[in-house]
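None of the figures in this text is laboratory data; all of them are computed from the coordinates on show. If you're wondering where the values come from, they're calculated on a predicted model, not measured in any experiment. Backbone-built Cβ (ideal geometry, glycine too); neighbour counts: all protein chains shown.
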Amino acid sequence: MEYEIIVVGGGHAGCEASLAAARKNHKTLLITSNLQNIADMPCNPSIGGPAKGIVVREIDALGGEMGKNADKSLLQAKMLNTKKGPAVQALRFQIDKITYPKEMLKTLTKEKNLTLKEAMVEKLLIKNNKIEGVELATGEKIYAQAVILTTGTYLRSVVLAGSTKKASGPHGEKESKYLSTHLKELGFKILRLKTGTPPRIAKETIDYSETLLEAGATEPLSFSFDNKIYYDVNKQIPCHLIYTTPQTHQIIKDHLKESSMYGGYVEGVGPRYCPSIEDKVVRFSDKERHQLFLEPESIFYDDIYIQGFSTSMPHNIQEEMVHSLPGLHKAKILKYAYAIEYDAIDSKQLKNTLETKIIENLYTAGQINGTSGYEEAAGQGLIAGINAALKLEKKEPLILKRNEAYIGVLIDDLVTKGVKDPYRLLTSRAEYRLLLRHDNADLRLREYGYKIGLISKEKYQEFTKKKQEINNLFNLLKTTKITPKKEINSYLEKINTTTIKDGISLYDLLKRPEVSINHLENFISLPYSKEVKQQVTINAKYEGYIKKASKEAEKMLTLEEKIIPATLNYQLVPNLASEARQKLSEIKPTTLGQASRISGVNPADISILMVYLRRLNKDE
Amino acid sequence: MTDTIVAISTALGVGAISIVRLSGKEAINIVNKIFKGKDLTKVNTHTINYGYIIDENEEIVDEVLVSVMKSPKTFTTEDIVEINCHGGIIATNKVLEICLNNGARLAEAGEFTKRAFLNGRIDLTESEAVMDIIESKSEESRKLAISQLKGNLYNLIESFRTKLLNLISSIAVNIDYPEYYDIEVITLEKLTKELKKLQLELKNLIKESENTKLLKTGIKTVIVGKPNVGKSSILNTLLHEDKAIVTDIAGTTRDIVEGEILLDGILLNIIDTAGIRSTQDIVEKLGVDKSLTLINDADLVIVVLNGHEKLSSEDKEILEKTKDKLRVIVVNKSDLDQNIELEELPTTILCNTTTKEGLSPLKEKIKELFNLEKIATKDYTYLSNTRQISLAKQAYKSLLSAVEATANKEHIDLIEIDLRECFDILGEIIGITYSDEVIDNLFKNFCVGK
């Protein structure tokens, strides 16, 4: 049996990659070590959050699955940062850990070009630095034109709690023993990373009277732009908030050396943004308490996830720690916390299409690239799937720019800077975040999704209609003027805004912070959807900032348009600082823009490079 | 950059020793050809060698000390030879000429520094400081340039950036971790307070820097007033008082520097034109436009009034036109009956040029206006060239728009965009462009994570 594209690993990256490839009409095979584990959520029971939630919207705009699947699996929804500007508002769902994988498996199974197979891949088949297929643990060889590795934390993974150390994937799954050694032999630089997860406790053993309720949003929300089916807001499952106690901190301090991390049993580098509770207590010793959320994992079973309490302490100490928490004095631990170490490749060895530089038609996505988080994985998976397919179709790859998508920021960071600790997306990583909003992901990316072939004609027409309506409403508000008539000014007074002396367009009126678009309906009928009105409102109210961001982005794009030939020999460029020479040779940036973002490459080096390229072009 | 460059690297005519400096692959060979003494190709690096420079007829041109510094531990990272000449301008020029005849090329202005910079030897602020040493005129500005070389400017900008960074990180953590209830929420009130401090600090930095810049280039000073109020006598008295050199060298393309006055080490360039002097009347003869240009370009305007007379309409016009400028109002002829109504005027200085009375308060006033006492005694860390100052002004503009946005009760994440811009521009001054500082700082200072 032959395939065009093989995806190795059935996590969030693998699901998106295989769906994208199959939906683009390529015969695709998804290989996973356990079919029951497809789209598993081994850590927190939630999807979204600042930056990450916007990635989910972007995936949806491009035609990926994560947003739709999250909408089907919701326990509780929250819009975050509602008191801040539109650029940083983000959606987060608590997700049912049973429903999400189940629904995803359903979608995968239904996909006609996609075959699922349970197996362990141990080797890549390569000829002349080009991928040919994979070899399974059974010795079976499967051939394909492109292979996408989305192996998550399974490469040579080791699970740790205290001094115990066991070769294993997340919650007892089989690890991949040989693949990373094989990758190393092929010339990939292997990093050792670490992450961790907190304990799960039995719901009925919690005394909720000692906790604070965290309710969900009161209006229905969805990740997908296409979703019109809303859930019952009154039936959301709440989360609860508690704080660590002085006793908890004392236990941790007394037993610090027994944790895997402080006992010296961990080689991998852990994520800075995701410190274990012992890390928090040590590094922020002046803090009297740390907050923890009790989050339900599913309506089908009783596990409650203690968010903020990840640890690598031995089991008996974990018991003591959990029991020192308010409401959890008698809590029963169902699953102990653990740290997990795994291999990842150096993402600087990737092109910005996510194809590896060493082996043609081999792509990698997700945690194997040193990222963390379901959303970051899914975003990469989608792009790897799309680009693997586009390359087989001999078409231009999809490379999202930093001013187009968080996914673009993510991939550019990975291939330009590499990672030292597991990479998480943050709003601070995006320079043009005012352009990369939750609300406009479709406006930014749906066009690409349609061109690539992942958005149906019907959905695309809906989208163009929405765009047209936004335009219409814009023009309507800009051309409709009100004059200082008595009844108009008395209405303005009523809505607490200053009265007018001259004529003013409704658009300019909308710019006033206290005026909402609904107020304008007093003057003119506005038969437009909520989404259309929102776009026009945001553009009116934040016009100055948006323009500034666009201008900055344009500045960046001029450097981005200066292409550096892939064959450029940096040894021949005179006067480059030696650090710059070494970094540039290693990363081989494709544009001057990318070169300027490499640490250790100074503005002087960029000027020298620019002059050199100009001279090179002249000679030709 | 494969050829060898040469230049006289000390100011001509000043000091007893002049240095002719060469940089490049052939530097040692070239000098060796024209040097009578040790074989310079065989001496150790960083040695000083005594001998003579000889011309094509083997005649001695000058008695010299030759410093040989071999690549890469030199200023330009290339081979450098410095010839210390003792024989004055003519001999030094002759040495230069012989170097040129033997294969060196005359360096362009600042080319040594450019090479040092391009060879990765120095960073942007350092190279600018070196340029300034070359260009510096007075002792004050030389000190300024030297302290900048040591990285004081870097530290100064960096310490301001750190404060900004902490503020940005606190906002960033509020955005990326909205549900961390224990993390301090950055309110507009808190932001207003912090921004006020930062604004003042940056404003002072720019102002002092601009004043400092004046130390090097001199303070462009215009003396205005009606005919016969005593402008020339004030000028002449100032000139004589300070034994200043009166020259007729052109300053910039537009200005004619009438005279340079060293006021306790501070250079005043008195701007005047023959035309204005002969007509004796700016406002009438040259028209408002021309006089406005002169006044606008000036760093300092000295308005001279006649204390013996009442304020005329011309006086009033001059006062009006100069009201936004840094100015000193001098009421001259204080020895005669005073008919002028002083209460109509802002702070004035009474002055009688015939007895030299009032001149020292005038000097004190000028020093006070430019904060020169402070600059002169402080440790000389200011932005000192146009590029740096203009970047700092851009940064200040971003900071101002953050202040405005705060006053308009904008969302903190929007305000952060302005702050980030300010932060990035300041980074540009010291050569940092793209960095992960905010993220690093965020995780260092805040306890967040799942």
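Assuming 0.36 nm per residue, please report the length gained on full extension of the stretch B:L106 to B:K409 beyond their Cα-Cα distance. Walk me through the intermediate numbers first.
Values: separation 303, 0.36 × 303 = 109.08 nm, distance 5.95 nm.
Computed gain between B:L106 and B:K409 is 103.1 nm.
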ask   = Hey, rough spin-label estimate for A:K165 and A:K110, points 7 angstrom out along Cα→Cβ, what's it come to in nanometres?
value = 4.6
remark   = Computed over the stretch A:561-619, the relative contact order (Cα-Cα under 8 Å, seq sep at least six) in percent reads 38
query = Once both labels are modelled 7 Å past Cα along the beta-carbon direction, what's the A:L572-A:A137 spacing in nm?
reply = 4.9
inquiry  = How big is the dipole moment of chain A about its Cα centre under a simple scheme where the beta carbon of each Lys and Arg is +1, that of each Asp and Glu is -1, and everything else is neutral? Debye, nearest 20, please.
reply    = 1500
ask   = Where in the stretch A:87-117 does the amide nitrogen come within less than 12 Å of the point 7 Å from the Cα of A:F300, taken along Cα to Cβ?
value = A:96-106
message = Between A:K253 and B:E201, how high is the FRET efficiency from 1/(1 + (r/R0)^6) when r is the Cβ-Cβ distance and R₀ = 25 Å? Nearest 0.05.
response = 0.05
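Contour minus end-to-end for B:S9 and B:E189, with contour as 0.36 nm per residue of separation and end-to-end as the Cα-Cα distance?
59.3 nm
For the stretch A:328-432, what is the charge dipole size about the Cα centre, in debye to the nearest 20, if Lys and Arg each add +1 at the Cβ and Asp and Glu each add -1 at the Cβ?
Here the stretch A:328-432 has a charge dipole of around 300 debye.
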Listed pairs A:K52/A:K467; A:K555/A:K588; A:K420/A:K583; B:K25/B:K70; B:K325/B:K367; B:K33/B:K94 exceeding 18 Å between Cα atoms = A:K52/A:K467; A:K555/A:K588
remark   = By Cβ neighbour count within 10 Å, fewest first, A:K117, A:K194 rank A:K117, A:K194
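Take each of the peptides B:62-72, A:460-470, average the number of other beta-carbon atoms within 10 Å over its residues, and list them starting from the highest. Write out the running numbers ahead of the final one.
Numbers: B:62-72: 18.6, A:460-470: 15.6.
Going from most to least packed, we get B:62-72, A:460-470.
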key: Distance violations [Cα-Cα > 20 Å] among A:K68/A:K102; A:K24/A:K123; A:K541/B:K190   = A:K24/A:K123; A:K541/B:K190
Rough spin-label spacing in nm, given labels placed 7 Å along Cα→Cβ, for A:I358 and A:K335 = 3.3
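Taking the Cα centre of the stretch B:5-120 as origin, work out the dipole magnitude from +1 charges on Lys and Arg Cβ and -1 charges on Asp and Glu Cβ, in debye rounded to 20.
Value, rounded to 20: 460 debye.
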ask   = Using alpha carbon centroids, what distance separates the stretch A:522-581 and the stretch A:267-318, in Å?
value = 38
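Percent antiparallel among DSSP beta bridges with both residues in chain A, to the nearest 5?
So the antiparallel bridges in chain A amount to around 70 percent.
I'd like the FRET efficiency for A:E219 and A:D346, computed as 1/(1 + (r/R0)^6) with the beta carbon distance as r and R0 of 45 Å, rounded to 0.05.
On the way: r = 44 Å, r/R0 = 0.99.
Step by step, r from the Cβ atoms, then E = 0.50.
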request  = Return P(r) of the stretch A:468-614 (all Cα-Cα pairs; 5 Å bins starting at 0; whole %; ordered from short to long distances).
outcome  = 2, 8, 15, 14, 9, 7, 5, 5, 7, 8, 8, 6, 4, 2, 1, 0
task = Within the stretch A:523-562, which residues have the backbone N less than 19 Å from the label spot 7 Å out from A:T497 along Cα→beta-carbon, could you tell me?
result = A:523-546
ask   = Is the stretch B:5-120 best put as rounded, prolate or oblate by its Cα gyration tensor, with a ≥ b ≥ c the root eigenvalues, rounded for a/c under 1.5, and otherwise prolate when a/b is larger than b/c, oblate when not?
value = oblate
request  = Show which lysines lie in cross-link reach of A:K287 when reach means a straight Cα distance below 19 angstrom and same-chain residues fewer than eight apart are skipped.
outcome  = A:K253, B:K444, B:K450
ask   = Just going by the charge dipole of chain A, with Lys and Arg at +1 and Asp and Glu at -1 on Cβ, which of A:P484, A:I47, A:A331 is farthest out on the positive end?
value = A:P484
query = Any idea which of A:Y448, A:L425, A:L414 is furthest toward the positive side of the dipole for the stretch A:403-467, if Lys and Arg beta-carbons carry +1 and Asp and Glu beta-carbons -1?
reply = A:Y448
ask   = Given a cut-off of under 8 Å on Cα pairs at least six residues apart, what relative contact order in percent is computed for chain A?
value = 17
query = Rounded, prolate or oblate: which fits the stretch A:561-619 when a ≥ b ≥ c are the square roots of the eigenvalues of the alpha-carbon gyration tensor, with rounded for a/c under 1.5 and prolate only if a/b beats b/c?
reply = rounded
query = Quick one: if the Förster radius is 45 Å, what FRET efficiency do A:A119 and A:T479 give, using the C-beta to C-beta distance and rounding to 0.05?
reply = 0.10
request  = Grab the alpha carbons of chain A, take their convex hull, and tell me the volume per residue in Å³.
outcome  = 188
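Which whole-number percent gives the relative contact order of the stretch A:200-338, counting Cα pairs below 8 Å spaced six or more residues apart?
On the way: 206 pairs, mean separation 53.7, N = 139.
Worked out over the stretch A:200-338, it gives 39 percent.
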ask   = Residues of the stretch A:103-119 with amide nitrogen under 18 Å from the 7 Å Cα-to-Cβ point of A:N227?
value = A:103-108
ask   = Given B:K226/B:K310; A:K228/A:K530; A:K84/A:K478, which pairs have Cα atoms separated by over 19 Å?
value = A:K84/A:K478
ask   = Once the dipole of the stretch A:13-98 is set up with Lys and Arg at +1 and Asp and Glu at -1 on Cβ about the Cα centre, which of A:S18, A:L75, A:I31 lies farthest towards its positive end?
value = A:L75
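Can you classify the stretch A:200-338 as rounded, prolate or oblate using the Cα gyration tensor, where a ≥ b ≥ c are the square roots of its eigenvalues, rounded means a/c under 1.5, and otherwise it's prolate if a/b beats b/c and oblate if not? Don't skip to the end; give the middle numbers.
Working: a/c = 2.14, a/b = 1.71, b/c = 1.25.
It is prolate, given that a/c is not under 1.5 and a/b is the larger ratio.
For A:H315 and A:N129, compute 0.36 nm times the residue count separating them, minus their Cα-Cα distance, and round to one decimal in nm.
Numbers: separation 186, 0.36 × 186 = 66.96 nm, distance 4.68 nm.
Between A:H315 and A:N129, full extension yields 62.3 nm more.
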